[in-house]
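To keep things clear, I will list the structure first and then write my remarks on it.
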Amino acid sequence: MQVEHRITINASPETVFRIYENVQNWHTWDPDTKQAFLDSPFQVGSRGKITPPKGMTVPMLLTQVEPNKCFTVESKIPLFRMLFEHELVPVSGATEVVHRVTFSGLLSFLLGPMLSKQLNSGLPVTLRNLKALAEAST
């Protein structure tokens with residue numbers, strides 16, 4: 001199961017990526033994040049934790065990082081895995097930003113529909129907030 005949303009931001013991929021790298025401030029533009037941190041720099045293999053406004057803190061692992069292009073975060077709990085992909089595509093002096101979440105594991109049939117509903121309402125807000133922040137900093 002997968003959820004995907006996108007937006008065009010009038011800022012460079014570098015500007016947007018700098019916002020992504022500032023993990024401890026994700027909560028300022030992502031209403032679905034109460035707290036997030038990494039134990040090491042923003043690179044493949046770095047681990048941390050993320051806490052939603054409602055729910056339990058879950059571990060996160062950076063599984064892909066290509067500066068100014070993309071990064072992927074994996075969060076796992078027993079029998080359930082969430083993959084959060086973030087892509088930055090340059091388009092005519094702007095950046096198309098894609099946020100995609102994929103669910104897998106035995107519990108995905110149970111948790112997937114509930115989380116998809118939340119993400120389909122939350123991701124557009126997150127992307128609008130990211131757009132406002134990135135465009136204000138250019």
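Nothing in this text is a laboratory measurement; each read-out follows from the coordinates by a stated rule. Everything quoted here is computed from the prediction, not taken from an experiment. Note: ideal-geometry Cβ built from the backbone for every residue, glycine included; neighbour counts use all protein chains shown.
Using a 7 Å offset from the Cα along the Cα-to-Cβ direction at both residue 120 and residue 104, what is the distance between the two label points in nm, to one decimal?
If labels sit at residue 120 and residue 104, their model points lie 2.3 nm apart.
Exceeding 21 Å between C-alpha atoms, which entries from my cross-link table qualify? They are 69/117; 34/131; 49/131; 49/117.
Going by Cα-Cα distance, 69/117; 49/131; 49/117 fall outside the 21 Å limit.
Which entry in (i) 143; (ii) 135; (iii) 93 is this structure's computed volume of the Cα convex hull per residue in Å³?
(iii)
Quick one: net charge around residue 119, please, counting Lys, Arg +1 and Asp, Glu -1 for every other residue with C-beta under 14 Å from its C-beta.
Values: positive: 6, 54, 100, 117; negative: 4, 30, 32, 85.
Here the count lands on 0.
For the Cα atoms of the chain, what angle does the longest principal axis make with the long axis of helix 108-136, in degrees from 0 to 90, nearest 10?
Roughly 20 degrees, rounded to the nearest 10.
Determine, from the Cβ-Cβ distance of residue 37 and residue 136 and an R0 of 25 Å, the FRET efficiency 1/(1 + (r/R0)^6), rounded to the nearest 0.05.
On the way: r = 24 Å, r/R0 = 0.96.
Calculated transfer efficiency: 0.55.
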